[in-house]
Structures are given as C-alpha cells and as structure tokens.
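What follows is a short report on a single structure.
Just so you know, all these numbers are worked out from the coordinates, no wet-lab data involved. Being a predicted model, the structure only gives us computed values, none of them experimental. Here the Cβ positions follow ideal geometry from the backbone for every residue, glycine too, while neighbour counts run over all protein chains shown.
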Amino acid sequence: MKSNYIYTGDCIETMNTSINPGSIDLIYADPPYNLSGKPLNLINNTTGGAFYKMNEDWDTWDYDEYINFSELWLTQCFNALKESGSLYISCTYHNVGELAFIGKKLGLSLKNILTWHKSNSMPSITKRVFTHSTEFVCWFTKGKNWTYNYNELKSLNPEKTKDGECKQMRDFINIVETPIVQGKERLKSQNGRASHPTQKPEKLLEIIIKASSNKGELVLDPFFGTGTTGVVAEQLNRRWIGIEVNQEYVHLAKKRIKELSCQKQLQLS
Ligand SMILES: C[S@@+](CC[C@H](N)C(=O)[O-])C[C@H]1O[C@@H](n2cnc3c(N)ncnc32)[C@H](O)[C@@H]1O
C-alpha cells in the first residue's frame, strides 16, 4: 500500500483491493451529496431552461442507488479503519440522516455532528425556504481508543472565557466564519471559473486532522477531488492517501500538492 499517493479509480474497488484492512487512522470523506439532476422550479422563470444549483454526472443518482452506493463505500471505510480510527463525513440536510443511519448500522459510534456555517452561502433562489447556510460533518469512531486532541482543539478556538482562557472547541465550526472557498485558495480554470464545484476549505480539514490524528499517522480521503485533504495533511506532517475517479481532478490535485512541496522546499532553503 502506498502513502502520499493518489489512486485513480473508484473508491469502493480501490479500498477493497489496495488499502490494507485496519491500517488507517483517520478517514475524511466528502462524497457526492446527490444534489444534481434536480431542477429548481422558479416562479416567473423567463430564461426558458431549468435552473440547477449543481449538475454533475458524478452527483446524480436515484434514491435507492444512492443508499446502496453509500453502504458500499462506508463498509470499505469501516474495514480500512484501525480499531482506534475515526471517520468524518461531510454532508448536508439532504443526506445526513441516511449517512448517520448507515454508519451506526455498521457498528460505528457517532460522536458529534459538526455544523459548518458558510458565511457567504448562496441566497435562496426560490424564496420559499430558509437560506441554506450550513453543512454538517458526521464524526464516527471505531472501537474505544479514538483520538481527540482536546487541548490542541481548545487552542484553535478563537472564543475566550471572561478570564482570557481558551474555551473548549464547540461542534459549531465558526472559526472566522469559514466561508465557501474563494480568493487565492479557490482553484480556477483558464476561463476564470472554479475548477471543481465543491472544493472544501483548508480550515475545515485543519480542524478535523488536528482533532483526530497525530503527526506521522495515515489519513485517507476516498473522494479526493482537488486534494484539499492531501494539502492539509502534508502541512500538518501526516501521511495521506487520496482516491479520485476523475482524471482531471487527479491532475489538479497532483499539481496542487506538488506546488505545496515546492513552496515547502523554498522555505527550507
Ligand atoms: C464532493 S467532491 C470532493 C471535493 C474535495 N473534498 C475537495 O476539497 O476538492 C466528490 C469527489 O468524489 C469523486 N467521486 C465520485 N464518485 C467517486 C467514486 N466512486 N470513487 C472515487 N471518487 C469519486 C468526484 O469526482 C468528486 O471529485
């Protein structure tokens, strides 16, 4: 099994064939949310076409297929985890119930559901619901000896007590109101558009990796996308493995991580 390496392929197949059972300390999974292929019904739409918030082939399933797919990849994650391992899964209100249920059914213990407040979320286009401005991260553990770096997390919390002491990290991730990735951090193609529709903020990964792994340990991301997990794991001196089915995203992630290594070397020289 390789580390600091991106496997190109389907994560269910790759975890089954290339990841040693019981070898991974921490998994961060940002799976398809199954939000695509669902047109929004806009009142007074004059553009002629349906409006989609997101419309990617890899994110389009019927409900039963989606549940089946989720059970398969979660089972592989369960097998890959060490007895003391943690699994964090990004999700929204659309799929949090299903993923929490499947994780529990596999025998994982749900420790927290973190709420990430997206301070720059899109306004509600239909104006028929509250503005969606949050995503969740379910934190599951396997076995009894999971890692939670309490003091390090406390020191990351900008909130202080009346006496100026650090406060415990809450399950509401609001550190400097972590926005949807923008500015320099957002990978863009030549036409100026985002290279990937769902690149996650490095700050979110920093919190997760610091909370549930230690230096030198192995972090796996089965839905690697632009490689955010690899970038942050490198910065925090963890080993990492990424799996991504789309060649273009693999290329983007490799380039991003290579650039980081070059910057690191420059800083050292
Ligand atoms: C929500 S995105 C992850 C974004 C990533 N967290 C980032 O920061 O860039 C999900 C990714 O999973 C990939 N994917 C979808 N199905 C997959 C599968 N069966 N195996 C591996 N990757 C898959 C998609 O191509 C997409 O890049």
Inset, instruction - Can you tell me the FRET efficiency between TRP58 and SER155 if r is taken as the Cβ-Cβ distance and R0 is 25 Å, rounded to the nearest 0.05? - result: 0.10
Inset, instruction - Provide the FRET efficiency to the nearest 0.05 for the ASN237-LYS188 pair, computing r from the beta carbons and using R0 = 30 Å. - result: 0.60
Legend entry - Distant-in-sequence amide H partners of ALA29 (H built 1.01 Å from N, under 5 Å): TYR88, ILE89, SER90
Legend entry - Highest-fluctuation residue, LYS82, LYS200, LYS188 considered, GNM on the chain with Cα pairs under 10 Å: LYS188
Legend entry - Local electrostatic count at THR161 - Lys and Arg +1, Asp and Glu -1, tallied over other residues with Cβ under 12 Å: +1
Inset, instruction - Treating only the Cβ atoms of Lys and Arg (+1) and Asp and Glu (-1) as charged, compute the dipole magnitude of segment 62-132 about its Cα centre; round to the nearest 20 debye. - result: 420
Inset, instruction - Just need the relative contact order of segment 5-268 here, percent rounded to a whole number, with Cα pairs under 8 Å and 6+ apart. - result: 23
Legend entry - Cα-centre dipole for segment 5-268 with unit charges at Cβ (Lys and Arg positive, Asp and Glu negative), debye to 20: 840
Legend entry - Of ASP163, ASP25, ASP221, the one that fluctuates the most in a GNM where the chain has Cα springs shorter than 10 Å: ASP163
Inset, instruction - Could you list the residues of segment 1-29 with an amide nitrogen less than 18 Å from a label point located 7 Å from the Cα of LEU106 in the Cα-to-C-beta direction? - result: 10-29
Inset, instruction - May I ask you to order 90-100, 203-213, 110-120 by the average number of other C-beta atoms within 10 Å around their residues, highest value first? - result: 203-213, 90-100, 110-120
Inset, instruction - Would you please classify the overall shape of the chain from the alpha carbon gyration tensor, given that a ≥ b ≥ c denote the square roots of the eigenvalues, rounded means a/c under 1.5, and beyond that prolate means a/b larger than b/c while oblate covers the rest? - result: rounded
Legend entry - Relative contact order, percent, segment 140-269 [alpha-carbon distance under 8 Å, six or more residues apart]: 19
Inset, instruction - Apply the Karplus parameterisation 6.51 cos²θ - 1.76 cosθ + 1.60, with θ equal to phi minus 60°, to every residue of segment 103-114 and state each ³J(HN,Hα) to the nearest whole Hz, in sequence, with x for glycine and proline. - result: x, 5, 4, 6, x, 7, 9, 7, 8, 8, 10, 6
Inset, instruction - Have a look at SER109, SER124, SER86 and tell me which one the Gaussian network model of the chain (Cα, springs below 10 Å) gives the largest fluctuation. - result: SER124
